[in-house]
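Nothing in this text is a laboratory measurement; each read-out follows from the coordinates by a stated rule. Not measured: the values here are computed from a predicted model. Cβ placement follows ideal geometry from the backbone for every residue including glycine, while neighbour counts extend to all protein chains displayed.
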Amino acid sequence: MANKKLLIVDDNAALCDSLEDIVRDSGYEPCSAYSYAEGLRLAEEQRPTVAVIDQKLPDGLGTTLLAELKRRDPECICIIATAFADVDSAVSALENGAFHYLHKPVRPVELLRLLERAFELIRLREEKQAAELALRASEERLRHAQKMEALGTLAGGVAHDFNNILMGVLGNAGIMEMKLEPGSPLKKYVDQIILSAENATKLTRNLLSFSRKQIMSVKPTSLNDIIKRMEQLLPKLIGEDIELSIGLGDDLAILADAGLIEQVLMNIATNARGAMPDGGSLAIRTFRTDLDGSFVAGHGYGEAGSYALISLTDTGIGMDQGTMARIFEPFFTTKDIGKGTGLGLTMAYGIVKQHNGYITCCSEPGRGTSFHIYLPLSVEAISDGGLTSNPIPRGGHETILLAEDNPEVRSTIKETLEEFGYRIVTAADGDEAVSRFAEFRESIQLLLLDVIMPRKNGKEAFDEIRRMAPGVKAIFTSGYTGDVLNRRGVMDQQLNFLSKPVAPYTLLRTVRDVLDA
């Protein structure tokens with residue numbers, strides 16, 4: 001609510017004192033001036049919310065003072081008081097912006113009633129302004145969400161085909177790597193192919209974070225462990241002329257995909273490096289904090305409660321308000337053409353939001369920038385368990401039914417598994433998978449099913465096969481996004497799943513683990 005300051009302008013000092021006593025008892029904060037000039041000076045000093053002005057002042061007219069006060073502060077409410085009331089003077093006062101016309105001698109009840117109406121108008125005006133601000137903020141969040149969704153939809157549309165292409169690259173490069181003789185001069189080239197394909201895979205998954213469509217590997221994770229790993233990586237990323245400072249609070253457990261949170265920190269650190277071309281410092285701190293309902297309501301999602309807070313503060317050039325308002329927009333960048341994609345902070349925003357967290361920024365030109373990342377705490381304990389990778393995957397002699405509609409991917413997976421001793425029965429769609437299982441049901445010990453296939457999808461084929469063999473084991477694969485898989489029911493159950501592209505080592509290890517379970 002606005003202040004309750006009231007300016008009284010009248011050349012009758014006794015009347016001013018009397019009016020001050022009346023309004024002060026009702027909670028107002030009065031001050032008085034006895035002339036036009038003094039009224040202007042006090043208005044400039046006190047910034048009153050309401051002014052009661054006598055029409056006939058020694059050095060000017062009340063309506064002229066009213067007009068000047070309204071020019072300086074259009075929100076100020078002015079009431080004209082006079083002992084010489086007539087229709088023309090009342091109309092003149094209202095035309096000059098008076099809230100009301102008060103006849104002298106002033107009756108206390110009438111004055112207090114007018115003041116009550118004036119401050120009620122102010123309250124309604126403030127509520128309207130607050131509602132308009134909230135509406136604009138909601139509209140801005142909606143526009144931002146629509147941009148993210150559009151970009152995510154675009155990324156999701158190409159993800160499947162792109163992931164199948166990468167599956168062929170990774171698979172064949174992996175087979176080459178396994179067939180190379182120790183010390184082969186070709187190994188460094190194969191390693192580079194694999195590294196490039198893995199980087200392309202990360203890019204695809206980061207793009208999908210825009211609309212929360214990528215599949216996350218979420219588990220209770222130590223926040224401090226993530227920061228400690230970044231402490232080893234970030235110095236090389238930000239350069240020797242930027243001092244990295246790490247401050248860890250209590251070791252908090254968050255429910256997160258550690259790799260994606262690391263990506264968020266790297267993206268922000270990359271931006272910090274760009275903001276400090278002549279060197280500086282980057283400080284990373286962790287805390288436990290509580291977010292209240294008003295914070296959550298301001299973001300339009302999530303729940304109040306305890307969160308882990310990661311703050312990243314640099315001493316760079318900072319940003320103005322206009323730039324800061326757009327930093328999470330896709331493709332927005334202040335860098336020169338060719339030096340930035342404008343996607344790093346957008347990815348960070350999408351990843352944090354997918355974790356049901358929040359990311360905020362505060363900055364001033366010349367005073368650096370601080371990012372604050374809030375992540376929900378995990379109620380589950382951190383587990384030390386998990387799959388361990390063997391340097392050389394173990395093979396086997398079991399028979400596996402492989403159902404995959406992409407011929408290149410099917411061929412790559414088949415060759416990889418056969419290289420390690422498995423016998424493979426192939427199918428090009430869900431219907432053929434059911435038929436092939438019925439034909440070889442006595443020997444097939446594992447199903448390897450693509451989720452999205454013609455005629456019958458992998459989940460439908462699995463359900464039909466399971467009616468023939470309730471104990472059959474299965475692994476699902478897909479290059480589609482998480483929302484598509486959710487609609488197929490794959491992500492809702494405790495099913496074995498591999499997201500394409502799958503590296504040969506990961507495929508072989510998972511196959512062996514499922515068969516041995």
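Structure above, values below:
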item	result
Residues Thr201, Thr416 arranged by fewest to most Cβ contacts within 10 Å	Thr201, Thr416
Estimated FRET transfer efficiency (Glu439, Asp513; beta-carbon r; R0 35 Å; 0.05)	0.85
For region 399-516: span of alpha carbons on each principal axis (Å, largest first)	35, 31, 27
Estimated FRET transfer efficiency when R0 is 51 angstrom, pair Glu364-Asn12 (beta carbons, to 0.05)	0.55
Sequence-separation-based contact order of region 219-376, relative, with Cα cut under 8 Å and 6+ spacing, percent	23 percent
Inter-probe distance in nm under a simple model that places probes 7 Å from Cα toward Cβ, at Val472 and Ile424	1.9 nm
Residue order, fewest to most beta carbons within 10 Å, for Met453, Met319, Met266	Met266, Met319, Met453
Three-way shape label, region 219-376, alpha-carbon gyration tensor, a/c 1.5	oblate
Zone residues, region 281-300, relative to Ile246, backbone N less than 13 Å from point 7 Å out along Cα-to-Cβ	283-286
In nm, spacing of pseudo-spin labels at Leu495 and Glu44 (7 Å Cα→C-beta vector)	7.6 nm
Estimated inter-spin distance, Asp278 and Met178, nm [label 7 Å along Cα→Cβ]	5.6 nm
Chain lengthening between Leu377 and Met324 when straightened (0.36 nm per residue, less Cα-Cα)	16.3 nm
All lysines inside 22 Å of Lys500 as judged from Cα atoms, apart from same-chain residues fewer than 8 positions distant	Lys202, Lys213, Lys219, Lys414, Lys456, Lys459, Lys473
Sorted by Cβ neighbour density within 10 Å, fewest at the top, the residues Leu121, Leu111	Leu121, Leu111
